[in-house]
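Working notes for the structure below.
What follows is calculated from the coordinates using simple rules that are stated; it is not laboratory data. Fair warning: this is a prediction, and the values are worked out from it, not measured in the lab. For neighbour counting, all protein chains shown are included, and Cβ atoms are generated from backbone atoms with ideal geometry for every residue, glycine included.
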Amino acid sequence: MLASARVLVVEDDVALAQTEVELLREGLPGVEIVAVNDGLRAWEILSADGADVVLSDVALPGIDALELLKRIRGDHNLSSTAVILVTGVISPEKLFSLLENGADDCLVKPIRGEELVARVRAALTRVGRQRQLAARARELEEKYARASEFLSWVSHEIRTPLSALMSAAHVLKRYGRQKPEEVERFAELIHREGQRLTRLINNLLDLAKIEAGEVEWHVQEVSLCELLQRVQEVFQALCADRSLHLQLVPCPEAILKVDADKLSQVLTNLISNAIKHSPEGGTVRIACDRSGGHVQIAVEDQGPGVPAGMEEVIFQRFRQLDLTDEKGGTGLGLAISREIVTRSGGRIWVERSSLGGARFVIELPCETPGLA
């Protein structure tokens, strides 16, 4: 039966309505029981608040049970609502008409208390199962849509580096000896596209493992300052090659309970993106701030930034902005980063940087050294 349920009793006989309500409240503890004595009033309540089960007399003032039933079955929001009719004397033709229009069950007056409670309980159970099946169907539809999107995206993205690899290999095989001066250029192309394909495959595997819950998390206490210093050292040489200034703003000491490798992966992705989109001679800044029990780590650049309205889109799987396509991105890095940060108890977002470009912010819970 539903954990939290609502039953609407529609009965113009006040005494009978009171009896039904008392029986249901006693037999179905925890279930909300609402009673009205008019078909139109019942429809107003259903339209506004809905109900899991409607227990309705057939002959009603306002609108009768058949009209009420038609309205319920015509409303998408009430598609799972069960309708049990209560009647005294009714012709078979009338009963068949009600059943054909979607009535789920029928009780004949006088009603036995045990039977009333049992029928309503059974209806609540059916409604619960129907909603579980509907939710499962929606989940499967979403997975199918995502799988189709995945196949479409992978077939497109993998084809590009593979075509480049095959073309370069063909040129080297056919003309390598005749034009040795071209060997280095095409070898560099093979190396670059091979790296791109490797990044793509690694990102696909990482995201698939995270979403499937198959990733092992090694959570430990990590010094934020030490982690940021290690990450900065990794990029010093690359920034020097690009004449970029990688600035690590002194930050307050904080202890994070995280998987250090996975947080480093997020920071590596954000800094790589910042370097990729920064102009020659620009600045990439890493800074952090502490507020209460949380710490914020920001990676800023002087690139073109993220267009207004795209702040959430860029965190979706397989989504890239036009300004990144020529840079060889996979469209998965930020999706992976959000998964890691979220599963670490934090959040990540992007905003405009005071440097003029993008400012990606990671917020995580932290502890003060010596007070944990």
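For the peptides 230-241, 199-210, the ranking by packing is 199-210, 230-241, with the highest mean count of neighbouring Cβ atoms within 10 Å listed first. Normalised by 2.2 N^0.38 Å, with N the number of residues, the alpha-carbon radius of gyration of segment 180-255 equals 1.64. Taking a ≥ b ≥ c as the square roots of the eigenvalues of the Cα gyration tensor, segment 49-197 is classed as prolate, since a/c reaches at least 1.5 and a/b is larger than b/c.
DSSP bridge analysis restricted to the chain gives an antiparallel fraction near 55%, rounded to the nearest 5. A simple count of charges around residue 12, restricted to other residues whose Cβ falls under 10 Å of its Cβ and scoring Lys, Arg +1 and Asp, Glu -1, yields -4.
Magnitude of the charge dipole for segment 142-212, about its Cα centre and with charges confined to Cβ atoms of Lys, Arg (+1) and Asp, Glu (-1), is about 280 debye. Contact order, relative form, for segment 219-365: 24 percent (alpha carbon pairs under 8 Å, 6 or more residues apart, mean separation divided by residue count). As an exercise, use a Förster radius of 35 Å and the Cβ-Cβ distance of residue 70 and residue 143 to find the FRET efficiency, rounded to the nearest 0.05. It comes out at approximately 0.50. Each peptide in 336-342, 102-108 was scored by the mean count of other Cβ atoms within 10 Å over its residues; highest first, the order is 336-342, 102-108. The magnitude of the dipole of the chain, with charges of +1 and -1 set on the Cβ of Lys/Arg and Asp/Glu and taken from the Cα centre, is near 1440 debye. Of 173/276; 70/94; 143/209, which ones are farther than 25 Å apart at the Cα? The pairs that break the limit, which is 25 Å between Cα atoms, are 173/276. Between residue 34 and residue 342, the C-beta separation translates, for a Förster distance of 30 Å, into a calculated FRET efficiency of about 0.15. Taken along the Cα-to-beta-carbon direction at a fixed 7 Å, the label points for residue 160 and residue 349 span 3.0 nm.
Once fully extended, how much extra length lies between residue 132 and residue 280, figured as 0.36 nm per residue of separation less the alpha-carbon to alpha-carbon distance?
47.7 nm
Here, segment 176-317 has an Rg and a Dmax of 18.6, 68 Å when only alpha carbons are counted. Please say if segment 6-136 is rounded, prolate or oblate, where rounded means a/c under 1.5 for a ≥ b ≥ c the square roots of the C-alpha gyration tensor eigenvalues, and otherwise the choice is prolate for a/b larger than b/c and oblate otherwise? Verdict is rounded for segment 6-136.
Database note for the chain: Cys without another Cys beta carbon under 4.7 angstrom, 106, 225, 239, 366.
In this simple spin-label model, placing a label point 7 Å from the Cα along the Cα-to-Cβ direction at both residue 185 and residue 115 gives a separation of 9.1 nm.
With a cut-off of 11 Å between beta carbons, the residues surrounding residue 164 carry a summed charge of +2, where Lys and Arg count +1 and Asp and Glu -1. Taking Cα extents along the principal axes in Å as calculated from this structure, the corresponding entry among [x] 61, 58, 30; [y] 61, 43, 34; [z] 98, 63, 36 is [z]. Which whole-number percent is the relative contact order of segment 142-212 (Cα, under 8 Å, 6+ apart)? Reported as a whole number, the value is 35 percent.
The Kirkwood hydrodynamic radius of segment 142-212, based on inverse pair distances between different Cα atoms, is 13.9 Å.
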